[in-house]
Amino acid sequence: MPAVAVVLVLALILVVVFLAKTVRIVPQAFAGVVERFGKYHATLPAGLNMVVPFIDNVRYMIDLRENVVSFPPQPVITEDNLTVSIDTVIYFQVTNPVAATYEIANYIQAIEQLTMTTLRNIVGGMTLEHALTSRDQINNGLRGELDGATGKWGVRVNRVELKGIDPPPSISDAMEQQMRAERSKRAAILTAEGERQSAILTAEGNKQAAILTAEGAKTSLILTAEGDREAAILRAQGEAQAITAVFEAIHEGRPDQELLAYQYLQAMPKLAEGTSNKVWIVPSEFSKALEGIGQLAKGPDSGTTQK
């Protein structure tokens, strides 16, 4: 009985090992390269697969997803003999697991070396300023060269990006000083433009204000002159009406010589009311007025007596 149990256990172990060697599960987005007696036999897709145990061997599991590899900075000499440090990022995908396994020993290292040499060829024909402003051109050139070279390896380069282009420290300082000078220049130009616009607007405002002030003064003078003219016309009309009324009243009253002389005497004191009157000139008519007043005081009887 113990011998039978040992045999059963050994048989069970053999069955388990046989099943383990026969059934192979390949994860999603992976491919298994199967070798039979050391030679390529088949490619296992994702899922459950059956192989011949102890004869077939799944040698490699190839990742079919898009991979990203960042390479360390590489020194590159530009056309103007300046050494810059450029680090790149490569996006690639294995399209042929068999070619990626047997056509190249290490496709990642091969892509890195190919990227380095291609980058030196492309950037070596550019100046530093051109290289700093032509990243898209460098990316497209790298991608075209890498995709053409890696096609036989079963690898497709989807995208190439330059993470950074670092010039020497002295060049960086000079470029920074140049940038500061350009910014200062643009700031000075913008300040001058602003001051010029401000001066123009101020002058325009002063001009408009002066024009409005002149127009206001002109309108005021015109209105004042028209008011003075209207007032003069009204005063003249009033004086004319007053003279006409006095003249008519005098003619209607028919004054005699004595009344006129009396009015003349009443008007004489008003001539002396001013404080600046120092000299009086008595007209010749004043004696005649006095005679008229004297005759008026004597009355008609006095005249008769004298006769």
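The values are calculated or read from the model by the stated rules, or taken from the named source; none is laboratory data. In this text the structure is predicted, and so the values were computed from the model without any measurement. So basically every Cβ, Gly included, is an ideal-geometry build from the backbone, and we count neighbours across all protein chains shown.
If I filter region 89-139 down to residues being among the small types (G, A, S) and without any contact (Cβ under 8 Å) to a residue 40 or more places away in the chain, which single residue comes out as nearest to H41 (Cα to Cα)?
Among them, the one singled out is A105.
What are the pairs with Cβ atoms under 7 angstrom where one residue, in region 4-27, is more than 25 Å from I62 (Cβ to Cβ) and the other, located anywhere, is at pLDDT 80 or above and not in a helix (DSSP H, G or I)? Sequence gap at least six, or different chains.
F18/P53
State which residue is nearest to the chain's Cα centre (by Cα) when the search covers only region 34-48 and only residues that are exposed (fewer than 13 other Cβ atoms within 10 Å of the Cβ) and over 15 Å from L64 (Cβ atoms).
For region 34-48, the residue satisfying everything is L48.
Which number in (1) closer than 25 Å to S85 by Cβ; (2) assigned by TED's automatic domain parsing to the domain that holds T101 marks the one condition that M175 misses?
(2)
Would you confirm whether any residue within region 49-71 is of a type outside the set (S, T, N, Q), over 23 Å from V98 (Cβ atoms), assigned by TED's automatic domain parsing to the domain that holds I111 and exposed (fewer than 10 other Cβ atoms within 10 Å of the Cβ)?
Within region 49-71 (the criterion being of a type outside the set (S, T, N, Q), over 23 Å from V98 (Cβ atoms), assigned by TED's automatic domain parsing to the domain that holds I111 and exposed (fewer than 10 other Cβ atoms within 10 Å of the Cβ)), the answer is no, since none of the residues qualifies.
Tally the residues that are more than 52 Å from the chain's Cα centre (by Cα) and of a type outside the set (V, I, T), restricting the search to region 203-245.
Of the residues in that region, 18 qualify.
Considering only region 162-197, state which residues are under 30 Å from I108 (Cβ atoms) and out of contact with any Ser or Thr (no Cβ under 7 Å at 6 or more places or on another chain).
Passing the criteria: G164, I165, P167.
Considering only region 80-109, state which residues are surrounded by fewer than 17 Cβ atoms within 10 Å (Cβ to Cβ) and closer than 16 Å to V155 by Cβ.
Residues satisfying the conditions are V89, Y91, Q93, T95, V98, Y102, E103, A105, N106, I108, Q109.
In region 52-76, how many are in contact with a Leu (Cβ under 8 Å, 6 or more places away or on another chain) and either under 15 Å from Y40 (Cβ atoms) or among the acidic types (D, E) (or both)?
1
Anything in region 24-33 that is in a strand (DSSP E or B), over 15 Å from N96 (Cα atoms) and under 60 Å from the mean Cα position of the chain (by Cα)? List them, or say none.
Listed by number, the list holds a single entry, V26.
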